Amino acid sequence: MKTILITGGAGFIGSHVVRLFVNKYPNYNIINLDKLTYAGNLANLKDIEDKPNYKFVRLDICDFDNVLKLIQDEHIDGIIHLAAESHVDRSIKDPFTFAKTNVLGTLSLLQAAKAYWDSLPEKYEGKRFYHISTDEVYGALEMTHPQGIEPPFTTKASSANHHVAYGEKFFTEDLKYLPHSPYSASKASSDHFVRAFHDTYGLPTIVTNCSNNYGPYQFPEKLIPLFINNIRHRKPLPVYGKGENVRDWLFVEDHARAIDLIFHKGTIADTYNIGGFNEWKNIDIIKVLINTVDRLLGRNEGEDLDLITYVTDRAGHDLRYAIDSSKLQRELGWEPSLQFEEGIERTVRWYLDNQSWLDNITSGDYEKYYESMYKNR
Ligand code: NAD
Ligand code: DAU
C-alpha cells in the first residue's frame with residue numbers, strides 16, 4: 001500500500017493523472033491536494049470522486065504548516081506536483097501570484113516532504129518527489145524552416161497529414177534554461193529549487209518538461225478550448241500576431257501515461273522531456289479546429305474561417321517550441337497512444353458533447369458547485 005499526494009489534481013492535467021492513478025492502482029491511496037483557484041474544478045473528477053482509494057483535500061501549497069501536517073498525517077510516500085498558476089497571459093498581468101504559487105509553493109512542498117521523510121527511520125528509501133514542469137523554461141527556438149522540414153524522429157502522436165518541423169533545433173534535456181515570460185521564469189525557478197533539494201539534501205527528485213497539452217477538461221482560456229467554444233458561439237477568434245508561432249501538441253492522456261511511467265521507473269535526479277514531435281503553427285491548428293467544429297455541428301466545413309481575427313501579439317511571445325522526447329522513448333520505452341488527428345477529433349467532440357461543462361465555467365457556476373461539494377465533505 002502506498003499513499004501518493006497529487007497536487008493540482010482538480011486542474012486540467014492533474015485531473016487526468018488523478019483519474020489514471022485512482023483507476024489503475026486500487027492498492028494506492030491517492031490524495032488530491034488543490035486550492036481550487038479559478039482553474040481548479042471538482043467537476044473534472046466526478047467519475048472517480050466516490051472511489052475508496054481517493055480523497056480530496058482543499059489546501060494552498062504555500063500553507064507550509066498544513067501541508068506538513070497533511071504529509072505527516074497521511075504518511076505520504078510519493079508526491080506528484082502539478083499545482084501551479086499555468087496561463088502565460090495571466091502571468092504577464094500578475095507575475096507576483098506566479099512567483100508565490102510556483103516558486104514559494106513548490107519550496108513549501110519540498111520543505112514539508114523533506115521534514116517528514118527525514119523523520120522516518122527509512123528516510124528517503126522508496127520515496128519520490130516528482131515535479132511537473134514545462135518546455136517553456138528552455139525559451140524559444142528559431143524558425144529556420146518556415147515551410148517545414150521532415151522531423152528527425154516520429155512518435156505515434158505525430159500528425160499523419162502534417163508531419164513537419166520548423167527548424168533543426170529541438171529542446172533537449174541538456175539545454176540551458178532561458179525563460180522569457182513571468183510564467184516560465186517562475187517554473188524555471190521552481191525546477192531549480194527541486195534540483196537544489198536533490199543536490200543539497202539528497203531528496204529523491206525527478207523533473208519532467210512537457211510540451212503543450214490538449215484534451216478534455218482544459219480551462220477555456222487556453223487556445224484550443226477557448227477557440228472551440230468561440231467557434232461554437234460564432235464569436236471572434238483572437239489570433240495573436242500573425243498566428244505564425246509554433247507549438248508542439250500532445251494529447252493530455254499521453255502526458256498522464258508518461259507521468260505514471262516516470263514516477264515508477266524514472267531515475268532519481270534525472271530529467272525527461274515529454275512531447276510528441278507534433279509541431280503546428282497556431283494558424284494551421286486553428287483551421288483544423290474550425291473545420292472540425294463546423295463538421296461536427298453539421299455546418300459547412302470552413303464556413304467559420306471568417307471568425308479569425310488578428311489581434312495585438314502577446315508580449316514576449318515565444319516563437320517556437322519543439323520537444324525532443326527521444327530520451328524518454330529510448331530509456332523508458334514511452335510511446336504516446338494517440339495520433340494527433342484522432343486526439344483532436346476526440347477533443348473537439350468532448351467539448352461539444354460536454355457543453356454544460358464549458359457553460360458552467362464561462363458562467364461562473366462551477367465555483368458554486370465546488371463550494372457546495374467542499375462543504376459536503
Ligand atoms: P491548470 O491551471 O489547469 O491547473 C492547476 C491546478 O493547480 C488547479 O486545479 C489549481 O486550483 C491548482 N492550484 C493553483 N494554485 C494552487 C495553490 N497555491 N495550491 C494548491 N493548488 C493550486 O494547469 P495545467 O494546465 O493542468 O498544468 C498543470 C501543471 O503542468 C502545471 O505545473 C504546469 O506548469 C504544467 N504543464 C502544463 C502544460 C499544459 O500544456 N497545460 C504543459 C507542460 C507542463
Ligand atoms: O508549452 C507548454 C505550455 O503550454 C504550458 O506550460 C502552459 O501552462 C500552457 O498554458 C501552454 O502555454 P502556451 O502559451 O503555449 O498556451 P496557450 O494555449 O495560452 O497559447 C497557445 C498559442 O496560441 C500561443 O502561441 C499563444 C496563442 N494564442 C493563445 C490564446 C489564448 C492566441 O493566438 N490567441 C489566444 O487567445
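Viscosity 1.306 mPa s, temperature 10 °C: what is the translational diffusion coefficient of the chain from Stokes-Einstein with a Kirkwood Rh over Cα pairs, rounded to a whole number of µm²/s?
Calculated translational D: 75 µm²/s.
Along Cα→Cβ, 7 Å out, is where each label goes; now give me the distance between the ones at residue 93 and residue 350 in nm to one decimal.
2.6 nm
Which residue, chosen from 246, 366, 356, occupies the Cα position most advanced towards the positive end of the dipole of segment 231-377, where the dipole is computed from +1 (Lys, Arg) and -1 (Asp, Glu) charges on Cβ about the Cα centre?
Value computed over the given set: 366.
Report the full-extension gain for the segment residue 264 to residue 50: residue separation times 0.36 nm, less the Cα-Cα distance, to one decimal in nm.
74.5 nm
Quick one: compute a quarter of the convex hull surface over the Cα atoms of segment 73-161 and quote it in nm².
It is 9.9 nm².
For segment 1-33, run through the trypsin sites (Lys or Arg not before Pro) and keep only the ones in DSSP coil with at most 12 other Cβ atoms within 10 Å of their Cβ.
Taking segment 1-33 and a limit of 12 other Cβ atoms within 10 Å, no loop trypsin sites (Lys or Arg not before Pro) are found.
When the convex hull of the C-alpha atoms of segment 138-190 is computed, what volume per residue in Å³ does it have?
118 Å³
By a straight-distance test (C-alpha under 22 Å), which lysines pair with residue 51 as possible cross-link partners, with residues fewer than eight away in the same chain excluded?
The qualifying lysines are 2, 24, 35, 375.
Just from its helices, what would the mean residue ellipticity at 222 nm be for the chain, if runs of 4 or more DSSP H residues each count -39500 (n - 2.57) and the sum is divided by every residue, rounded to the nearest 500 deg cm²/dmol?
Value at 222 nm, helices only: -12000 deg cm²/dmol.
How high is the relative contact order of the chain? Use alpha-carbon pairs under 8 Å, at least six apart in sequence, and give a whole percent.
About 19 percent, as a whole number.
Report the number of Lys pairs in segment 124-266 whose alpha-carbons are under 19 Å apart, with separation of 8 or more residues or on distinct chains.
Within segment 124-266, the lysine pair count is 5.
Tell me the label-point distance for the pair residue 27, residue 365, using the 7 Å Cα-to-Cβ offset, in nm and rounded to one decimal.
Simple spin-label model gives 4.3 nm for this pair.
Where both partners of a DSSP beta bridge lie in segment 14-166, what percent of those bridges are antiparallel, to the nearest 5?
Percent antiparallel among DSSP bridges in segment 14-166 is about 10.
Please determine, in degrees from 0 to 90 and to the nearest 10, the orientation of helix 340-353 with respect to the longest principal axis defined by the Cα atoms of the chain, where the helix direction is its Cα long axis.
Its long axis makes an angle of about 80 degrees.
Could you work out how far apart the two model spin labels at residue 69 and residue 335 are, taking each label as a point 7 Å from the Cα in the direction of the beta carbon, and quote it in nm?
So the label points at residue 69 and residue 335 sit 4.9 nm apart.
Could you pull out the GluC sites (Glu not before Pro) across segment 37-138 that fall in loop regions by DSSP (anything but H, G, I, E, B) with no more than 10 other Cβ atoms inside 10 Å?
In loop regions of segment 37-138 (DSSP not H, G, I, E or B), the sparsely surrounded GluC sites (Glu not before Pro) are 122, 125.
Rounded to the nearest 10 degrees, what's the angle between the helix 12-24 long axis and the longest principal axis of the chain, both from Cα atoms, 0 to 90?
Helix 12-24 sits roughly 60 degrees off the main axis of the chain.
How big is segment 1-159 along each principal axis, measuring the range of its Cα positions in Å and listing the largest first?
Rounded to whole Å, the extents work out to 57, 36, 34 Å.
Taken together, the values in this text are just the output of simple stated rules run on the coordinates, not laboratory data. Given the structure is predicted, the values throughout are model-derived calculations rather than measurements. Methodologically, a virtual Cβ is constructed for each residue, glycine included, from the backbone with ideal geometry; neighbour enumeration extends over all protein chains shown.
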